[in-house]
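Let me begin by presenting the structure, written as structure tokens, before commenting on it.
Every read-out reported here was derived from the displayed coordinates using simple, explicitly stated rules and does not represent laboratory data. Just so it is clear, the model here is predicted, and its values are computed rather than measured. Here the Cβ positions follow ideal geometry from the backbone for every residue, glycine too, while neighbour counts run over all protein chains shown.
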Amino acid sequence: MDDADDPRIFFAAERSLLAWNRTCLAMMGFGFVIERFGLFLRLMDPMHAHTPRSGASFWVGMALMLFSSALACLSTISFRNIVRRLMPHQIPSGRFAGLALIANLGVAVAGLALTGYLAMAAQ
């Protein structure tokens, strides 16, 4: 079998996309934990319990969640470009190439929704 006809190229691209998906999920989770750390610190100090969220942990957490959402979108675009360059016989028959894309875009949308919710709740 010629390397150009090998369906493993598609599977390798899909595994890479799903690895980016896991990375983005982990970064979103870490950003959420950082954002919520400021709430924990405020609760530990009763004098500052009712101050608005505008500390460094809030902004760093929000930035990390936005960055991971953008990274999920960029990895989706990269995967689509790779799959478009493949020949039809390189994509295994019966395989829906859009499943990984849907999963990755779902992570991006969820990250943006969470970021928006936390930004609105901070006001």
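With log10 I(q)/I(0) by the Debye sum over Cα atoms at q = 0.10, 0.12, 0.16, 0.22 Å⁻¹ in mind, check (1) -0.43, -0.55, -0.76, -1.11; (2) -0.24, -0.35, -0.65, -1.35; (3) -0.45, -0.63, -0.95, -1.22 and report the label derived from this structure.
Evaluating log10 I(q)/I(0) by the Debye sum over Cα atoms at q = 0.10, 0.12, 0.16, 0.22 Å⁻¹ on these atoms matches (1).
Please give the calculated 222 nm ellipticity per residue for the chain, where each DSSP H segment of at least 4 residues contributes -39500 (n - 2.57) and the sum is spread over every residue; nearest 500 deg cm²/dmol? Don't skip to the answer; put the middle values down first.
On the way: 3 runs with 91 residues, N = 123.
After summing the helix terms and dividing by residue count, I get -26500 deg cm²/dmol.
By how many degrees, between 0 and 90 and to the nearest 10, does the Cα long axis of helix 8-44 differ from the longest principal axis of the chain?
0 degrees
Around Leu86, which amide H atoms from residues at least 5 apart in sequence, or from another chain, sit under 5 Å from its own amide H, with H modelled in the peptide plane?
The list, which skips near neighbours in sequence, is empty: none.
Each residue of region 106-115 in turn: what ³J(HN,Hα) in whole Hz from Karplus with 6.51, -1.76, 1.60 and θ = phi - 60°, glycine and Pro shown as x?
x, 5, 5, 5, 5, x, 5, 5, 5, 4
Would you mind ranking Ser75, Ser93, Ser57 so that the residue whose beta carbon has the fewest other beta carbons within 10 Å leads the list? Display every interim value, and only then the final one.
Working: Ser75 23, Ser93 7, Ser57 18.
Ordered from fewest to most neighbouring Cβ atoms within 10 Å, Ser75, Ser93, Ser57 come out as Ser93, Ser57, Ser75.
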